[in-house]
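Here is the structure we will look at.
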Amino acid sequence: MLLFECKVLRLPHFNISLFQSGTLMDLLSKLSPQGPINSTSPLTFEEVGQDYGFILYRTVVKSDSVGLVVLNLTSVRDRAHVLVNEVPAGVVNRMDDSYYLGITLSAGENRLDILVENLGRICYGTFMNESKGLIGDVSIDGGILKNWKIYPLPFNNTNVFNTFSTQSNKLTHRKQNHTSRDFYYENKWDSLSNKERAMNNGGSERLKRSAEFERKSLARGFERQQLPQAANPDSPSIYIADFVLYTTELADTFLDTSGWYKGVAFLNGFNLGRYWPVAGPQVTLYVPAMLFRPYPAKNRLVLFELEWAPCQGAHNCTMQFINYPILDGPV
């Protein structure tokens with residue numbers, strides 16, 4: 001029997017520097033150029049003709065005074081980032097049955113933005129025809145919110161990335177709504193306690209895994225509140241790296257997303273996939289050689305980072321390509 005050794009070529013390790021081009025709110029007119037769809041009630045992905053990606057739902061909430069209210073997002077499918085007046089207020093995640101979020105409103109009109117991510121579809125069983133997005137009403141303290149502006153964000157026209165600048169035009173340092181975030185985590189701990197009580201009383205393996213995952217996620221969440229502040233902390237943003245490969249011999253490699261939180265990566269307009277290294281176990285994204293442009297052409301990496309970037313300011317972000325996969329990260 002003849003044995004043949006197959007040598008797989010890999011690019012050597014190299015680092016790249018990224019710049020924050022802007023927040024989602026800064027770049028919304030480019031990312032959703034068709035403009036908003038106006039609707040009395042939220043529309044699902046299917047109702048706006050979108051299969052995948054994200055949708056931004058926006059409405060105005062009036063308040064007579066400053067105060068903490070409870071946002072009910074039991075209609076979310078699957079994960080939502082909530083911002084009040086462009087300030088991140090927290091994340092609602094269907095995966096751990098967390099549908100309620102405490103948010104702080106200012107006196108007068110408040111702009112409420114809900115960025116919903118479709119995490120994928122099930123191709124069997126009772127959930128096969130499930131809708132995505134906000135599939136029903138959203139309420140605050142029992143009052144249903146109306147008059148929505150809906151921005152589809154499928155990210156299928158990646159040519160728009162070529163219009164983004166690597167020098168941000170809006171580097172404001174927005175403060176986090178800590179009251180809302182603290183309220184959010186306190187309620188998450190209460191939810192987790194209920195799960196663990198059920199688990200100790202003979203709950204299912206799925207419930208046990210859910211409780212364990214949630215505890216780890218909450219621990220990370222509390223740790224994240226102590227991390228260095230990036231420009232526009234925790235606001236979904238676009239980060240860009242322009243770089244040249246100083247070789248004409250292209251090979252496969254892997255994008256190491258360690259240190260980043262959750263998002264989507266694109267190389268030269270090609271969607272490399274979603275990354276979520278803090279949830280694990282996959283940390284790297286496979287990058288085939290054919291996606292690179294050889295020397296002296298410029299390559300562009302674009303990240304849509306949803307929660308937190310490991311940057312000291314908008315102009316000091318790094319990432320690296322490595323020659324091996326990391327598929328066994330912490331979970």
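The values are calculated or read from the model by the stated rules, or taken from the named source; none is laboratory data. It should be emphasised that the depicted structure is a prediction, and the values quoted were computed from it without experimental measurement. With ideal geometry, Cβ positions are generated from the backbone for all residues, glycine too; neighbour counts draw on all protein chains shown. When the accessible area is computed, the model is the full protein with side chains, heavy atoms only, and any ligands, DNA or RNA have been set aside. Shrake-Rupley method; radii C 1.70, N 1.55, O 1.52, S 1.80 Å.
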Skip the ligands, DNA and RNA, and give the accessible area per residue of region 30-118 with a 1.4 Å probe, whole Å². 38 Å²
Based on the Cβ-Cβ distance of Ser17 and Val48, what FRET efficiency does E = 1/(1 + (r/R0)^6) give at R0 = 25 Å, to the nearest 0.05? 0.10
Sorted largest first, extent of region 83-159 alpha carbons per principal axis (Å): 47, 37, 22
5 Å is the cut-off here: which amide hydrogens, built 1.01 Å from N in the peptide plane, fall below it relative to Ile326, excluding neighbours closer than 5 in sequence? Val283, Thr284
Nitroxide proxy distance, nm - points 7 Å out along Cα→Cβ at Asn85 and Asn38: 2.6 nm
Lys, Arg +1 and Asp, Glu -1 on Cβ, resulting dipole of region 39-85 about Cα centre, debye, nearest 20: 180 debye
Computed FRET efficiency, Cβ-Cβ of Met95 and Phe270, R0 30 Å: what is it to the nearest 0.05? 0.65
Count charges around Thr59 for me, please; just the other residues with Cβ under 10 Å from its Cβ, Lys/Arg as +1, Asp/Glu as -1. +3
Take the solvent-accessible surface of the protein heavy atoms, probe 1.4 Å, and return the percent of it on region 1-130 that carbon and sulfur atoms account for. 56 percent
What's the FRET efficiency of Leu119 with Val66 using the Cβ-Cβ distance as r and R₀ = 25 Å, to the nearest 0.05? 0.15
Largest-first ranking of Asp51, Asp64, Asp252 by accessible area, probe 1.4 Å, whole protein assembly kept, is Asp64, Asp51, Asp252
